[in-house]
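**Q** Please read through the structure below; I'll follow up with questions.
The values are calculated or read from the model by the stated rules, or taken from the named source; none is laboratory data. Computed from a prediction, not measured in an experiment: that's the story for all the values here. All Cβ positions, glycine included, derive from the backbone under ideal geometry; neighbour counts span all protein chains shown. Heads up: the accessible areas ignore ligands, DNA and RNA and are worked out on the full protein's heavy atoms, side chains in. Shrake-Rupley method; radii C 1.70, N 1.55, O 1.52, S 1.80 Å.
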Amino acid sequence: MTLPGLIAPSCVYACTRFRVRRTKLLSREDYRRIMQMSIPGVVAHLGRQEDYRDIINLAASFSGARLVEEAVNRSLARSFRHAMMIARGDMHTLAGEYLTRWDITNVMAILRGTVFDVPRQQVRDLLVPAGELDTTLLDRLLGLTTCGEALEALQDWRLYPVLEEYYRICGERGVFARIENELYMNYYAGLLGLVASGCSGCRELIAYLRFEIDITNMKNLLRLRCGEEACDITTIDQTMISGGRIPIDLFGRLYSTGTEEEFTSTFLQTDIAPVLARAVRELRQDPGFSSEDAAELVWQRWHQHLRPVHEIEMAITRTRLRELEALSRRHPFSVLTMIAYLERKRYEVANLRAIARGKAFGLPPGRIWQYIVL
């Protein structure tokens, strides 16, 4: 038992291990070198990295971009499993709850793939067995032919009650968006409930979770705004996730605005405006880009019912990761150190997949670089 105010030795050990592993992730210079290589060159380079050495053995079964994707996906799942083995006590519990998001991602990919008849291998490439749903169950789900069979096979999953009510209408238009939204609502409610219990490391995590919820709500709001059909304020209230720093009613007011002045005034009341401004300043190398400029940028897309450009979304992702890392440095012996490493590892894998696919389609390095998160 650890006395109040003292840090458990197991936590110190785990956080130290995660910081060491963070230093072994690919650097900006590594990416610049990889960007100039052919796919065989990328394979050879990764084969010299500790996390990807098994890519050489996988070459007997895969080739090209498919080989790179298989190797990096396996590395990601292995990293998550290893992290859970290192973590102990409350850190293990918190990290396990946080990684449930991968179960949601995997389940939604399988459900959509089943209904829309996406090739099974294409769906499998998207799966990362980092949560409680292991590879055996995911493979079993991939072998099923109907949405109903997939839902039935998930009866032991902790979030199955959310799926159960959609059993009869699974696959109907718009249902998957509702399912996914409710899964994430339950996910964040459970995580925030655990954090509120007062467990060790919870206080440090809640600041980041609230920031993440705000970003997720803004993305959901833009998705609804850009949909084919307009939604009313009731839909907004049902879609927004509780627990963030921005009140849900403010998102409702934002959705209902009809003029640029009203939109800008409301948007500037959110914590997202300065985050977006900082992201665009870095993206455009424009030190004078302000929160007001950010609000105007969003309005330009908003009133045309268009999503933000991809580069802006990527810039916000980079800013979110830096916020997480800043918090982890402020609280070096907390679950934030683990999550910061895992999130960086997640995007390293996404970067390598983007590079492999980009090269397979013959995209120039400059175009591929737009999809890299550092």
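**Q** Quick one: count up the residues across the range 24-74 that are of a type outside the set (A, V, I, L, M) and under 14 Å from N351 (Cβ atoms).
**A** So the count comes out to 13.
**Q** All but one of (1) surrounded by 14 or more Cβ atoms within 10 Å (Cβ to Cβ); (2) touching a helix residue (DSSP H, G or I) at 6+ places or on another chain (Cβ under 7 Å) hold for P287; which doesn't?
**A** Single failed check for P287: (1).
**Q** Which number in (1) more than 13 Å from L25 (Cα to Cα); (2) touching a helix residue (DSSP H, G or I) at 6+ places or on another chain (Cβ under 8 Å); (3) of a type outside the set (F, W, Y); (4) assigned to a helix (DSSP H, G or I) marks the one condition that R344 misses?
**A** Exception for R344: condition (1).
**Q** Picking from A350, A315, A279, which residue would you name as being at pLDDT 90 or above, part of a helix (DSSP H, G or I) and among the aliphatic types (A, V, I, L, M)?
**A** Details: A315 fails: at pLDDT 90 or above; A279 fails: at pLDDT 90 or above.
Going through A350, A315, A279 in turn, just one is at pLDDT 90 or above, part of a helix (DSSP H, G or I) and among the aliphatic types (A, V, I, L, M): A350.
Okay, residues lined up against (1) of a type in the set (S, T, N, Q); (2) open to solvent by less than 40 Å² (accessible area, probe 1.4 Å); (3) at positive phi; (4) outside any loop (DSSP other than H, G, I, E, B):
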| residue | (1), (2), (3), (4) |
| --- | --- |
| L133 | no, yes, no, no |
| E152 | no, no, no, yes |
| V162 | no, yes, no, yes |
| Y167 | no, no, no, no |
| I179 | no, yes, no, yes |
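**Q** Scan the range 116-126 and give yes if some residue there is aliphatic (A, V, I, L, M), open to solvent by 50 Å² or more (accessible area, probe 1.4 Å) and under 17 Å from the mean Cα position of the chain (by Cα), otherwise no.
**A** Yes, some residue in the range 116-126 is aliphatic (A, V, I, L, M), open to solvent by 50 Å² or more (accessible area, probe 1.4 Å) and under 17 Å from the mean Cα position of the chain (by Cα).
**Q** Looking only at the range 181-198, filter to residues that are open to solvent by 50 Å² or more (accessible area, probe 1.4 Å) and of a type in the set (G, A, S); which one of those is farthest from F116 (Cα to Cα)?
**A** Filtering first and then ranking leaves G198.
**Q** Kindly indicate whether D51 is within 24 Å of the chain's Cα centre (by Cα) and more than 30 Å from G198 (Cα to Cα).
**A** yes
**Q** What's the number of the condition I236 fails, among (1) open to solvent by less than 10 Å² (accessible area, probe 1.4 Å); (2) of a type in the set (A, V, I, L, M); (3) touching a residue at least 40 places away in the same chain (Cβ under 8 Å)?
**A** For I236, the failing item is (3).
**Q** Among the numbered criteria (1) open to solvent by less than 70 Å² (accessible area, probe 1.4 Å); (2) more than 23 Å from the chain's Cα centre (by Cα); (3) at pLDDT 90 or above, which single criterion is violated by T257?
**A** (3)
**Q** Moving on. What number of residues in the range 300-312 are open to solvent by 30 Å² or more (accessible area, probe 1.4 Å) and assigned to a helix (DSSP H, G or I)?
**A** Looking only at that region, the number is 4.
**Q** Looking at R357, R301 in this structure, which one is more than 21 Å from the chain's Cα centre (by Cα) and of a type in the set (K, R)?
**A** Of R357, R301, the one residue that is more than 21 Å from the chain's Cα centre (by Cα) and of a type in the set (K, R) is R301.
**Q** Let me ask something additional. Count, please, the residues in the range 282-291 that happen to be in a helix (DSSP H, G or I) and more than 21 Å from R253 (Cα to Cα).
**A** The qualifying residues number 3.
**Q** From L321, L336, which residue is under 22 Å from the mean Cα position of the chain (by Cα) and surrounded by fewer than 18 Cβ atoms within 10 Å (Cβ to Cβ)?
**A** Sole residue among the options that is under 22 Å from the mean Cα position of the chain (by Cα) and surrounded by fewer than 18 Cβ atoms within 10 Å (Cβ to Cβ): L321.
**Q** What residue, among those in the range 139-150 that are of a type in the set (A, V, I, L, M, F, W, C) and surrounded by fewer than 20 Cβ atoms within 10 Å (Cβ to Cβ), is farthest from A109 (Cα to Cα)?
**A** Once the filter is applied, the top-ranked residue is L144.
**Q** Here's something else I'd like to know. For L126, state whether it is assigned to a loop (DSSP other than H, G, I, E, B), in contact (Cβ under 8 Å) with a residue 12 or more places away in the chain and over 23 Å from T216 (Cα atoms).
**A** On the way: assigned to a loop (DSSP other than H, G, I, E, B): yes; in contact (Cβ under 8 Å) with a residue 12 or more places away in the chain: yes; over 23 Å from T216 (Cα atoms): no.
When the stated conditions are applied, L126 does not pass them.
**Q** Conditions first: (1) out of contact with any Asp or Glu (no Cβ under 9 Å at 6 or more places or on another chain); (2) β-branched (V, I, T); (3) closer than 17 Å to I272 by Cβ. T319 passes all but one, so which condition is the exception?
**A** (1)
**Q** Let me ask another. Need the failing condition index for V280 against (1) of a type in the set (A, V, I, L, M); (2) open to solvent by 20 Å² or more (accessible area, probe 1.4 Å); (3) touching an Asp or Glu at 6+ places or on another chain (Cβ under 8 Å), just the number.
**A** (2)
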